[in-house]
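This report refers to the structure that appears directly beneath it.
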């Protein structure tokens, strides 16, 4: 089990490094953006019509925005060490509670969309692989090319106009009931499945054609038994790795869909706080996205490790079996 | 013929276009434990014969004939009936064990998949083949090539099959491991299993001493008990095939070479991969122009790695490699690369599938210049007796022998001083093997090319090399 512990510890350290880098980049970006931070915050707090220079200067001195940049950065890191992410410069709310709320929403949407994409992709991909150049294969290939070339915002707009505006079956935006999840999750699932169907098809086809499957059949197994017993694990190794990568991409690649559906998730939060120069909120959201990405990747690696003995058992020397 | 006998009559195998490519071939096994051995050049249809018995021919190929086994007469066109015999009356011992075993399943579970197997039978089969019971717990990648091959024999032993078809059971194995395969085959026979062995290992065919069938271009040209066929072959092709066996190579005439210039030298060279200890330590030897230095030793001992170090493809952990007397630094390697070349083990792997052979040669224009390229190409093609038509084909459309000649020819285009030949004949049949060695021999004699021969065949090494470097652990 030493291999597992070394890997987990190594990956966690890596995740921490990545998170730190990303947060620092967020900090730098917010400060190099043109425009005055205090002015933008004043605008976000009170609206553009009450905006004046005096108000902005008040905010700057209240929130310590005039202090040297490095000092502000050091302060944020120091507080992070105690688990405190600070308060929003715009709403005055705790960043942690806002991230908690938004993060849950994003996670729910991500899991639903990702699961839905695989509920579709797995059966289609496997059917296409078992009958290459059959009608399922041809049709799914057409579907994949179309979906992969369609930008997700176009797909989202299409779904909104059909199911929300014309048919009035589903709500177009926001997140108040489970129905609100359907359209954004569908947009996500359609986009994801375009790639996973092809990967699943190619993987299953390759494994099904592997000689060890034929050899297993000469042992007296039926074709389907051989594919089941010797195929699933071999096929699952690349499929699971790819699925996990897709999930990781979902966790932080959400900005488009959340903005389009006005969905109160992390991506939406990141955009609005970036516009308002809400520094603690931007850094908090960046931190959560980076850590989330790292953890999902760790989970992906652990799954591969569990599935593939060639990785986990490689320390076991050949000599053991002389 | 009694009920215990097995009879196989193949009238013909038709390919996708309905052209007859193999046949007729007839084989029989009178008593349990008999062996039939198919020998012949690559592409002579040996493997297709095996596939037709098993019902494993490529899609749209068709076989006519029948198999009579355990009192049943099965038409070779009835693939479903043939497949119903798998593991109950027939079993396959495939070549390339690592492609045949599920990489993610422990050996015991893979043996368990055999119809009618149980732990007792598996344990008996493992111990019969000198494998410890712990091998059952191993994954295939944890086994050596020879052990993996023996687990395939165990699969056949666990099954109830009375006919076992072994495809190239010694391919790519060194002499010790090939001997283990022979032992395993003989154990199967002692258990009363009849064998069909397909091989171009003539030693194996001789030692199995079964009914031996020589195949050429799809036809059985001669058949008979091995001890008769090997001593007095009647057919011209059989004679040529048997004479190409390294065992029959004439001992080299003692060659007196005038001392000549040193092409390459190793000084106290050691190498080890980061994980694990050193592969070899403090090796020193020189290679002169026109000299053949053989590197021998067991599989996995580091022969190929030594070749790579010599060619500047890997940096030694300590010590120096010298090319023409200067240290093989990056700059030297860059300057002299075309003079120091490698002939690979598998000629199929050095040409890309989707390009023609001619395109590969055209690439050399970058090094040679267009004009001298076409001139040299013509000269070498003539000398190596290769048809111009080959240039338009891809690697899948030429024979293994042609591929190895073309690979060698491509190296010769660069006018090399040293060639590292890595098992240049382990994947080709005996006739091509002799061909390759005759070419190499001519090269060293006529052009003073230095050759480093990596091989585990002692017979080849002793009849060909001037100097032997033996690696041991």
Quiz item: Which condition number in (1) more than 14 Å from every other protein chain (Cβ to nearest Cβ); (2) not in a helix (DSSP H, G or I) is the one that residue A:199 fails?
Solution: (2)
Quiz item: What are the residues in the range B:33-62 that are part of a strand (DSSP E or B) and crowded, with 21+ Cβ neighbours inside 10 Å, if any?
Solution: B:35, B:36, B:37, B:38, B:39, B:40
Quiz item: Is it the case that some residue within the range B:65-74 is within 30 Å of residue B:26 (Cβ to Cβ), facing chain A (nearest Cβ under 8 Å) and in contact with a strand residue (DSSP E or B) (Cβ under 6 Å, 6 or more places away or on another chain)?
Solution: no
Exercise. Among the residues of the range B:94-105, count how many are surrounded by fewer than 18 Cβ atoms within 10 Å (Cβ to Cβ), touching a helix residue (DSSP H, G or I) at 6+ places or on another chain (Cβ under 7 Å) and at the interface with chain A (Cβ under 8 Å from one of its Cβ atoms).
Key: 1
Quiz item: Taking helices (runs of 4 or more DSSP H) that fall entirely within the range A:216-298, which contain at least 3 residues that are within 14 Å of chain B (Cβ to nearest Cβ)?
Solution: A:223-226, A:232-252
Quiz item: Looking at the range A:110-132, is at least one residue without any contact (Cβ under 8 Å) to a residue 60 or more places away in the chain and not in a helix (DSSP H, G or I)?
Solution: yes
Exercise. Please go through the range A:104-123 and pick out each residue that is more than 20 Å from residue A:182 (Cβ to Cβ) and in contact with a helix residue (DSSP H, G or I) (Cβ under 7 Å, 6 or more places away or on another chain).
Key: A:122
Quiz prompt | Residues of the range A:132-168 classified as more than 28 Å from the chain's Cα centre (by Cα) and at pLDDT below 90, total | solution = 6
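Residue-by-condition table, conditions (1) in contact with a helix residue (DSSP H, G or I) (Cβ under 9 Å, 6 or more places away or on another chain); (2) outside any loop (DSSP other than H, G, I, E, B):
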site: B:336; (1), (2): no, yes
site: B:345; (1), (2): yes, no
site: B:348; (1), (2): yes, yes
site: B:389; (1), (2): no, yes
site: B:401; (1), (2): yes, yes
site: B:406; (1), (2): yes, yes
site: B:411; (1), (2): no, yes
site: B:421; (1), (2): yes, yes
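Here's the yes/no breakdown for (1) free of Cβ contacts under 8 Å to residues at least 60 places away in the same chain; (2) not in a loop (DSSP other than H, G, I, E, B):
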site	(1), (2)
A:54	yes, yes
A:61	yes, yes
A:75	yes, yes
A:89	no, no
A:92	yes, no
A:108	no, yes
Practice problem: Taking the options A:307, A:270, A:295, name whichever one is at pLDDT 85 or above and surrounded by fewer than 16 Cβ atoms within 10 Å (Cβ to Cβ). | Solution: A:295
Self-check item: Matching option when the condition is crowded, with 19+ Cβ neighbours inside 10 Å and either at positive phi or at the interface with another protein chain (Cβ under 10 Å from one of its Cβ atoms) (or both), among B:84, B:91, B:154
Solution: B:91
Quiz item: Inside the range B:111-142, can you point out the residues that are more than 8 Å from chain A (Cβ to nearest Cβ) and within 21 Å of residue A:211 (Cβ to Cβ)?
Solution: B:111, B:112, B:117, B:140
Quiz prompt | So residue A:209, is it over 32 Å from the mean Cα position of the chain (by Cα), within 13 Å of another protein chain (Cβ to nearest Cβ) and surrounded by fewer than 18 Cβ atoms within 10 Å (Cβ to Cβ) | solution = yes
Quiz item: Any idea which of (1) more than 29 Å from residue A:284 (Cβ to Cβ); (2) out of contact with any helix residue (DSSP H, G or I) (no Cβ under 9 Å at 6 or more places or on another chain) is the one residue A:143 doesn't satisfy?
Solution: (2)
Quiz item: In the list B:290, B:358, which residue meets the criterion of being farther than 30 Å from residue B:180 by Cα, part of a helix (DSSP H, G or I) and touching a helix residue (DSSP H, G or I) at 6+ places or on another chain (Cβ under 8 Å)?
Solution: B:358
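The values are calculated or read from the model by the stated rules, or taken from the named source; none is laboratory data. Every value quoted in this text rests on a predicted model; they were computed, and no experiment measured them. We place every Cβ from the backbone using ideal geometry, glycine too, and count neighbours over all the protein chains shown.
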